[in-house]
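Here's the structure, in structure tokens; my notes come after.
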Amino acid sequence: MGFSVIREMGLRAAAYDNVIDLGIGEPDFDTPSEISRQALLDAFDGHTHYTPSKGDTELISEISVLHSRQAGLLVSPSQIVITHGGMGALACAMQTLVEAGQDVLVPEPFFPAYRAHVGYPGGRLTPIATRFEEGFALQPDALERAITPTSKVLLLNSPNNPTGCVLSGSVLDELAEIVRSHDLLVVSDEVYDRLVYSGQFESIYTRPGMAERTVVVKSFSKTYAMTGWRVGYAWGPTWIMEEMLKVVNYNTACPSSVGQRAALAALRMEPGPFNAMRTAFRRRIDLVCRRLEQMPGLKVFRPQGSFYIFVDVRAIAEDSRAFALDLLDQQQVAVVPGYAFGASGQGYVRIACTLKRKLLNKAMDRLESFIC
Ligand code: PLP
């Protein structure tokens, strides 16, 4: 197992003084101070012990209320497990569901950590390439073709990192039908669910018959600018979650108690600051897309969600690694080469809009000088 290309690019970028880093998938906003203050008060108040392995009881109940308000959902506290970030939920879900030699089907390009999560229990990641021309949405017939007798889980990620694709309700309907007819399970990574700019976020979990076979993964990291607190959660049918709880318990005992109190404070807060962050991401994406669309040789996929832009650079360089390294060396702008997200990402680069507009503009000026 190697370190990720994203990390490698980060280390190379750190060698420059003047670098503008568009590689990091982390909001630049600090956690709203109200959350940090409440978490500290709760720590002083004694919330410094192990929590139940399932997680802080008040947090679980607040999450249950939050999601049960959403159309088509009824998520009871007994179905929820709090985890060490979305990463903890993904790793534990795979260890729970996958046995050695079984296949996990993953639309490509995909979040690079999936390879390790699938690999821990000895699973095999089977990529299913998606295409720019189809909005990077997983095509139902492509899923059907990829299924074999050893296929066990479909791992979906909508909104997607790195493409920003948000799967439409009609595609989810078709995917759900195939999943049911082949008796597959689904892990639905929805950590960017609140960062959607066009269309509406929908979950495969709400499709008929899917609540019995789907584990949903959520996180506080991106929506609430809380990456360092390391709190995420998963929910699913009790027959799976009872087993997953054991995996979480043996891996981490429980997530940080203070982190969980911070997450609770985030849920109890007025949503104003979070809506403002989403608006800022949308404005940044608009700005960067507009700039990129004016540059010769680039084909830009306008993301419907997340804070990434996936750009086709093949007219300039077939090898996106060479493109990214030259851009870093010559103009000190860091982006992530698309092959980091699977073979079909070759020829693309991922740009994270996680900097202020002024810096993004400056980065676009440098990219323009690099290209022109
Ligand atoms: N899933 C996707 C698609 C991501 O991009 C990330 C982080 O970048 C995660 C899961 C994990 O996030 P965290 O562990 O911070 O909740």
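The values are calculated or read from the model by the stated rules, or taken from the named source; none is laboratory data. Nothing here was measured: the structure is a model prediction, and the numbers come from that model. Positions of Cβ are generated from backbone atoms using ideal geometry, with glycine treated the same way; all protein chains shown enter the neighbour counts. In case anyone asks, the SASA skips ligands and DNA or RNA and just uses the protein heavy atoms, side chains included. Shrake-Rupley method; radii C 1.70, N 1.55, O 1.52, S 1.80 Å.
What's the ranking of 41-51, 345-355 by average number of surrounding C-beta atoms within 10 Å, highest first? Walk me through the intermediate numbers first.
Values: 41-51: 12.5, 345-355: 24.0.
With the highest mean Cβ count within 10 Å placed first, the list reads 345-355, 41-51.
Note on Thr148 and Met269: their simple-model spin labels are 4.7 nm apart, each label 7 Å out from Cα toward Cβ.
Its relative contact order, with pairs defined as Cα atoms under 8 Å and 6+ residues apart, puts the chain at 24 percent.
Shown is the FRET efficiency for Phe132 and His49, computed with R0 = 41 Å from the Cβ-Cβ distance and rounded to the nearest 0.05: 0.25.
Heavy atoms of the protein chains alone define the surface here; on that basis the stretch 212-291 has 37 Å² accessible area per residue at 1.4 Å probe size.
Counting only helical runs of four or more DSSP H residues, what would the 222 nm mean residue ellipticity of the chain come to if each run contributes -39,500 (n - 2.57) and the total is spread over all its residues?
My calculation for the chain gives -12500 deg cm²/dmol from helical runs alone.
Between the residues Gly164, Tyr233, Val217, the greatest Cα displacement towards the positive end of the dipole of the chain, with unit charges on the Cβ of Lys, Arg, Asp and Glu, is found for Gly164. Solvent-accessible surface of the stretch 1-71, taken per residue with a 1.4 Å probe and all protein chains present: 63 Å².
Can you tell me how the stretch 90-208 classifies by the Cα gyration tensor, rounded, prolate or oblate, using a/c under 1.5 as the rounded cut? Since a/c reaches 1.5 and a/b is larger than b/c, the shape of the stretch 90-208 is classed as prolate.
The accessible-area ordering, largest first, of the residues Tyr114, Tyr250 stands as Tyr250, Tyr114, per a 1.4 angstrom probe. Once the mean of 1/r is taken over each pair of separate Cα atoms and inverted, the stretch 76-149 shows a Kirkwood hydrodynamic radius of 13.7 Å. Subtracting the Cα-Cα distance of Arg7 and Asn249 from their residue separation scaled by 0.36 nm leaves 84.3 nm.
Under a 5 Å amide H cut-off, with hydrogens placed 1.01 Å from N, Asp189 pairs with Leu156, Asn157, Ser158, Val217 among residues at least 5 apart or on other chains.
Descending by average beta-carbon neighbour count within 10 Å, the peptides 29-39, 74-84 line up as 74-84, 29-39, the highest first. Tell me the carbon and sulfur percent of the accessible area for the chain, rounded to whole percent, probe radius 1.4 Å. The computed percentage sits at 52. Counting only Cβ charges, +1 for Lys and Arg and -1 for Asp and Glu, the dipole size of the stretch 31-162 around its Cα centre is about 260 debye. Rg ratio for the stretch 113-182: its Cα radius of gyration over 2.2 N^0.38 Å, N being its residue count, equals 1.13. Here the Karplus curve 6.51 cos²θ - 1.76 cosθ + 1.60, taken at θ = phi - 60°, turns the phi angles of the stretch 42-48 into couplings of 5, 5, 4, 7, x, 7, 10 Hz, with x standing for Gly and Pro. Within the chain, DSSP assigns beta bridges of which about 50% are antiparallel (rounded to the nearest 5). Across the stretch 1-144, C-alpha contacts under 8 Å between residues 6 or more apart give a mean separation that, scaled by the residue count, equals a relative contact order of 14 percent. Sorting the segments 58-70, 174-186, 251-263 by their mean number of nearby beta carbons within 10 angstrom, highest to lowest, gives 251-263, 174-186, 58-70. Amide H contacts of Thr126 (H built 1.01 Å from N, in plane; Pro and chain starts excluded): Val104, Leu105, Val106 sit under 5 Å, all sequence-distant by 5 or more or on other chains. Over 23 Å apart at the Cα level, from the set Lys299/Lys362; Lys152/Lys246; Lys218/Lys246; Lys218/Lys362; Lys54/Lys218, are Lys218/Lys362.
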